Amino acid sequence: RLFDLDPDLLPLFQYNCKQFASPQECLSAPEFLDHIRKVMLVIDAAVSHLENLSCLEEYLCNLGKKHQAVGVKVESFSTVGESLLYMLEKCLGTAFSPDVREAWSKLYGAVVKAMRRGWDTLPEGD
């Protein structure tokens with residue numbers, strides 16, 4: 001769904017200087033699948049620390065800095081969020097109620113807000 005929503009994101013996923021010719025090639029690459037696992041670990045950590053997301057603040061800020069360093073734009077995270085909600089809706093079916101959608105949107109928004117701080121922080125020494 002991600003590349004359907006924004007095909008311009010495909011070039012951001014390069015591994016060992018290899019650019020993918022198509023979304024399908026990227027989606028089947030072990031490195032991309034590993035990246036997806038890492039994304040889901042971040043989501044899992046956010047769910048696990050729902051009552052105290054601030055404990056993930058520094059980690060998420062640094063994660064934001066890493067994404068900025070490789071050319072990810074903050075705006076791209078809304079596309080990722082839209083893809084996440086799409087996947088949840090497809091997997092949960094009728095259980096994906098408006099309240100569930102809102103809860104996931106808020107959680108994802110909090111994660112992105114913390115990651116955005118990575119864009120807002122200047123490197124040390126500047």
**OP:** Scan the stretch 68-81 for residues that are in a helix (DSSP H, G or I), touching a Leu at 6+ places or on another chain (Cβ under 9 Å) and either of a type outside the set (S, T, Y) or open to solvent by 70 Å² or more (accessible area, probe 1.4 Å) (or both) and report the count.
**Re:** 1
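Restricting to the stretch 44-57, name every residue that is of a type in the set (A, V, I, L, M), modelled with pLDDT of 90 or more and either open to solvent by 60 Å² or more (accessible area, probe 1.4 Å) or within 18 Å of V70 (Cα to Cα) (or both).
In the first step, residues of the stretch 44-57 are kept if they are of a type in the set (A, V, I, L, M); the result is 45-47, 50, 53, 56.
Next, from what is left, pick out any that are modelled with pLDDT of 90 or more: 45-47, 56.
Across the stretch 44-57, the qualifying residue is only V47.
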Original post:
Between residues in the stretch 54-74 that are without any contact (Cβ under 8 Å) to a residue 60 or more places away in the chain and more than 18 Å from A110 (Cβ to Cβ) and residues that are charged (D, E, K, R) and assigned to a loop (DSSP other than H, G, I, E, B), which pairs lie under 7 Å by C-beta distance while being six or more apart or on different chains?
Top reply: none
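Restricting to the stretch 1-41, what's the tally of residues that are among the aliphatic types (A, V, I, L, M) and closer than 19 Å to A69 by Cβ? If you could, list the steps in order and put the result at the bottom.
In the first step, residues of the stretch 1-41 are kept if they are among the aliphatic types (A, V, I, L, M); the result is 2, 5, 9-10, 12, 21, 27, 29, 33, 36, 39-41.
Filter once more, keeping what is closer than 19 Å to A69 by Cβ: 9-10, 12, 39.
Selection size over the stretch 1-41: 4.
Do we have V80 as under 24 Å from Q14 (Cβ atoms) and in contact (Cβ under 8 Å) with a residue 60 or more places away in the chain here? Explain how you work it out, then say what you get.
Numbers: under 24 Å from Q14 (Cβ atoms): yes; in contact (Cβ under 8 Å) with a residue 60 or more places away in the chain: yes.
Here the answer is yes, as V80 does meet what is asked.
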Original post:
Among the residues of the stretch 95-122 satisfying the criterion of being out of contact with any helix residue (DSSP H, G or I) (no Cβ under 6 Å at 6 or more places or on another chain) and not in a helix (DSSP H, G or I), which is surrounded by the most Cβ atoms within 10 Å (Cβ to Cβ)?
Top reply: T121
Subject >> Criterion: open to solvent by less than 30 Å² (accessible area, probe 1.4 Å), closer than 21 Å to G109 by Cα and modelled with pLDDT of 90 or more - qualifying residue of L41, L5, L84 >> reply: L84
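The values are calculated or read from the model by the stated rules, or taken from the named source; none is laboratory data. Bear in mind the structure is a predicted one, so any value in this text is a computation, not a measurement. Using ideal geometry, Cβ is built from the backbone for each residue, glycine included, and neighbour counts are taken over all protein chains shown. For accessibility, only protein heavy atoms count, side chains too; no ligands or nucleic acids. Shrake-Rupley method; radii C 1.70, N 1.55, O 1.52, S 1.80 Å.
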